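Down below is the structure, laid out as structure tokens.
The values are calculated or read from the model by the stated rules, or taken from the named source; none is laboratory data. Bear in mind the structure is a predicted one, so any value in this text is a computation, not a measurement. Heads up, the Cβs are rebuilt from the backbone with ideal geometry, glycines too, and the neighbour counts pull from every protein chain shown.
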Amino acid sequence: MTANDIKNQLIAFGNAEKAAHSLYFFKTEKGQYGEGDRFVGVTAPEVKSIVKKFKELPIDEIELLLSDEIHECRLCALLILVERFKRADEATRSGIVDFYLAHSQYINNWDLVDISSYVILGEWLLDKDRSILYDLSKSNSLWEQRIAMVSTMTFIRQNDFKDALLLSKIYLTHKHDLIHKASGWMLREVGKRDEGVLTGFLDIHHKQMPRTMLRYSIEKLSPEQKKHYMTK
């Protein structure tokens, strides 16, 4: 099992039309957040079929795969890490988290963050000190900032909302739409579990919130509530 074996299978599955769509969808033009990324055009079921076959890929080969210029190679590497983390003991999980954070420069688009951060880092931090999330939130990397936010999904699912709310407050003045979307998404997840917690946050901060963050956060509220927060 090698990284090159996976890359060759991805290329074999590749579709030029799908690849062209991905270049547009993931904003790969000069100056955009995914500038320079490359795609071969592989569907999610095809990626999953490869991951299933290569879930025992050695860690040094995962490292090669994660640093590959092709987006789907990095996606496969992260999905393999996710599967390994789910089955691992505490010591192995610790090593996977260290590996994940040490290679965060390759987790460099929103889909890569979103399929891995809360399953690995969030799960790891459930019963641990979470200061790493606030360190990541201060990073110069947009993707590390998003990792911090999306990792709180795991806590939210345990009805633990503190970090999602604190990070959302930190990100009120953030300049990037992808952080607004991530924050609004997590706030919406909070509201699905405790609407009062969400509306309490909105009552204080909705006038400061970037419009994208606000729209995402109120998506599951009633039409009357949406109108209240969007127009007040």
Close pairs from segment 29-55: first assigned by TED's automatic domain parsing to the domain that holds Leu178, partner surrounded by 14 or more Cβ atoms within 10 Å (Cβ to Cβ) and outside any loop (DSSP other than H, G, I, E, B), Cβ under 7 Å, at least 6 apart: none
Qualifying residue in segment 57-70 (condition: surrounded by fewer than 19 Cβ atoms within 10 Å (Cβ to Cβ), closer than 23 Å to Leu142 by Cβ, touching a Gly at 6+ places or on another chain (Cβ under 6 Å) and free of Cβ contacts under 8 Å to residues at least 40 places away in the same chain): no
Residue list for segment 173-226, restricted to those being of a type in the set (A, V, I, L, M) and free of Cβ contacts under 8 Å to residues at least 12 places away in the same chain: Ile204
